[in-house]
Amino acid sequence: MIIRPENGAWIVTRQIDHGHQSGVLASRWGNELFARPIPFDELVDACDKHDEAWRYLDEHPSVDQTSGEPHSFMTMPLDRLLPVYRDGAERVGKDNPYGGFLVAMHYQGFFNQRFGLDQGLLARSVPINDVEVIRTYLASMEMMRGRLRSRAIETQQLSCHWATAPSTVHAYLMLQVVDVISLFLCLDPTRTWPLGWVPRTPGGTLMTLTMRPSTEAGLVHVEPWPFQRAGVIELNFPVRRLVQRRFESDDDLRQSLHLSPWEHFSFRVAP
């Protein structure tokens, strides 16, 4: 879950809903300055489903037993998180091996500074006792990517070199940008956020993107603009509101969420 404090409440967004809005952004990528990665449709599908791993965790939220607060994506224990990451990438890769390959990269990138391309984006620290767990996890994800690479070559007519090609780095970094735009809107749409690097074309010079709030409520600007020029992009997030308090158990949290009515937050993304 993505959790934002607001006036004595927690605004809770499901990861899967945030993921779908990333897919909306991805579908609009590309203009005269920023090329669309190829293959494109499979990449948009991966962006849309990149947090499918969180479906079970969204439906079964848990409580930090020390603080009594709901676990967010930043605090979820690794013993719950890593297995669903593996499962999520496999599920995307079942019908879209190329997309599953990119999603596996995405899940690996949380623990290796986004393959050395992290630009100070949100990252969780790994306690020293968990370092070996992360090494094992990264190795298993690398093996998964090898399997998905082979299936993508066989079923999606991709060349045998695509997994290390500049076009794949291009696609991976585009996924990171649309992910953090959607994520940061859920976390705090009123502040300026760095969005990381992305090349304008495969193998091109990396560009730094930034998201800034407007004086108009619900409107944010992305600079430089990597999306289609026609109109703004509207994003809609279903959310629930929890009173900030100590939850005594997972069941306590789940019941409170179930009783909380759905609300909808809307944002417009513009040049």
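The numbers here are math on the coordinates, done by the rules we state, and not lab data. Being a predicted model, the structure only gives us computed values, none of them experimental. Heads up, the Cβs are rebuilt from the backbone with ideal geometry, glycines too, and the neighbour counts pull from every protein chain shown.
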Highest-fluctuation residue, Ser260, Ser62, Ser182 considered, GNM on the chain with Cα pairs under 10 Å: Ser260
Relative frequency of Cα-Cα separations exceeding 13 Å in the stretch 227-271, percent: 66
Ratio of the Cα radius of gyration of the stretch 2-270 to 2.2 N^0.38 Å, where N counts its residues: 1.01
Whole-angstrom Cα spans of the stretch 194-258 along principal axes, big to small: 51, 30, 18
Contact order normalised by residue count of the stretch 2-270, Cα under 8 Å, 6+ apart, percent: 27
Mean residue ellipticity (222 nm) of the chain, computed from DSSP H runs ≥ 4 via -39,500 (n - 2.57), nearest 500: -14000 deg cm²/dmol
Contact order normalised by residue count of the stretch 174-240, Cα under 8 Å, 6+ apart, percent: 22
Under 5 Å, built H, 5+ apart or other chain: amide partners of Gly196: Leu209
Rounded to 5, percent antiparallel among DSSP beta bridges of the chain: 90
Kyte-Doolittle at least -0.5, axis length at least 30 Å by Cα - qualifying DSSP helices, the chain: 131-155, 166-187
Modelled FRET efficiency - R0 41 Å, Arg191 with Thr155, Cβ distances, 0.05 increments: 0.45
Val126/Ser260 FRET efficiency (R0 35 Å; Cβ-Cβ; nearest 0.05): 0.60
Under Karplus coefficients 6.51, -1.76 and 1.60, residue-wise ³J(HN,Hα) of the stretch 230-238 in Hz, glycine/proline x: 6, x, 8, 10, 9, 10, 10, 10, x
Computed log₁₀ I(q)/I(0) - Debye formula, equal Cα scatterers, no solvent, the stretch 42-154, q 0.10, 0.23 Å⁻¹: -0.31, -1.38
Among Met105, Met144, Met74, residue whose mean-square fluctuation peaks in a GNM of the chain (springs only between Cα atoms under 10 Å): Met74
Student exercise, the stretch 2-270 dipole from Lys, Arg, Asp, Glu Cβ charges, in Debye to nearest 20: 500
Residues whose placed amide H lies under 5 Å from that of Asp64, excluding near-sequence neighbours: Glu69, His71
